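Take a look at the structure below.
The numbers here are math on the coordinates, done by the rules we state, and not lab data. In this text the structure is predicted, and so the values were computed from the model without any measurement. Glycine gets a Cβ as well: all are built from the backbone with ideal geometry, and neighbour counts include every protein chain shown.
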Amino acid sequence: MLQLPKNEYRISITSGCNMKCVYCHNEGNKVINQLSKDDIESLIQNSYDLGLEQVRLTGGEPLIHKEIFDICQMLAEKYHLKVGINTNIIEIDKLMYMIEKGWIYRVVVGLDYYDAPISKQSPVGISSKQALENTLRVKNSGVNVTISTVFNGDYDNLYKLVKWAYDNKIRIKILEEVKNEVAESTGKDYLEMKEKILSDFNLKPKYDEQFKEWHGMDGDFTAVTFFHSHCRIRECDVCKKMHLRVTSCGTLKQCIQSEENDIDFRKGNIRDNIIKALSQPVNFNVQPARYVDTSLI
């Protein structure tokens, strides 16, 4: 029986953002757009028997969506789904309001620098200090929070960021930046960084065979997750297990680098479109597209 990967939708509710990160893929969006509350509800209504249990809201920046409160309330209270948000945590007051309402169960914070005027690789945004303070507010609320950071080769900065997260018992996910290339293996600099983090923090390595991820464990606490680029080495079969992405243009998208198998769920029968997207082959065999130039957004 067909089932959603991880029993989850990853929905980019808007391609707009209040930052302009240089590496952003914007979930495969090609134009600035957003999904309405009604769009999202129609998708959810046609997905219940596909194992749907949770929804991850992404962007762009989901907290700038004008219907963000209505969307999260609907998902949590009407459909009893677990709602997670990927955010740059600039709009902290909106986020805390929804956490207090019980609509949010998980927050993933994008953060690249431990101590910098801007918290990510972007010309605009909030300071690292403010982003860390906001992250602690979420952690202290009792909601599951993870920091997601893209490794840019600066180990000293990464060490400080990992140490802060480790000291505050917050998991940090270190991503390998996807580049416009196909390679035979994960980048050497990324692999060397992984081994150094494990050694410097005396973490026990644990391998996840299903998703081909390494974790750094301190007892039962997952301190660090190392997420290499599956696209770089063409592990399409692994990537498909993780998400069925929905872009802010209404596209069901298995691969952010390819448009070959895209389906607009709002055109025609929504249920049939979902089934078709889940039934497609996994090996797209395409050259990686360049990331969206977020300076244009």
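Here the simple spin-label model places points 7 Å from the Cα toward Cβ, and for Q45 and Y155 these points are separated by 5.5 nm.
Using Cα-Cα distances under 8 Å and only pairs 6 or more residues apart, what relative contact order does the chain have, in percent?
Relative CO of the chain lands at 22 percent.
Of the DSSP H helices in the chain, none is both long (alpha-carbon extent of 30 Å or more along the helix axis) and hydrophobic (Kyte-Doolittle mean at least 1.0). For the stretch 20-152, the Cβ-based charge dipole about the Cα centre amounts to some 300 debye (Lys, Arg positive; Asp, Glu negative; other atoms uncharged). What aspartates and glutamates sit close enough to K101 to cross-link, taking a C-alpha to C-alpha distance under 14 Å and skipping anything fewer than 8 places away on the same chain? Cα-Cα hits under 14 Å: D70, E77, D93. Dividing the summed helix terms, -39500 (n - 2.57) for each DSSP H run of n ≥ 4, by the number of residues in the chain produces a 222 nm estimate of -8000 deg cm²/dmol to the nearest 500.
All distinct Cα pairs of the chain go into the 1/r average, and the inverse of that average, the Kirkwood radius, is 19.6 Å. Dipole size of the chain about its Cα centre, with +1 on Lys/Arg Cβ and -1 on Asp/Glu Cβ: approximately 240 debye, rounded to the nearest 20. On the basis of the beta-carbon distance and an R0 of 45 Å, N269 and E177 show a calculated FRET efficiency of 0.70.
Pairs spanning more than 32 Å between alpha-carbon atoms, out of K196/K253; K139/K196; K78/K276: K196/K253. Think of the stretch 5-296 as a dipole: +1 on every Lys or Arg Cβ, -1 on every Asp or Glu Cβ, centred on the Cα centre; then among I104, A116, C17, I104 lies furthest on the positive end.
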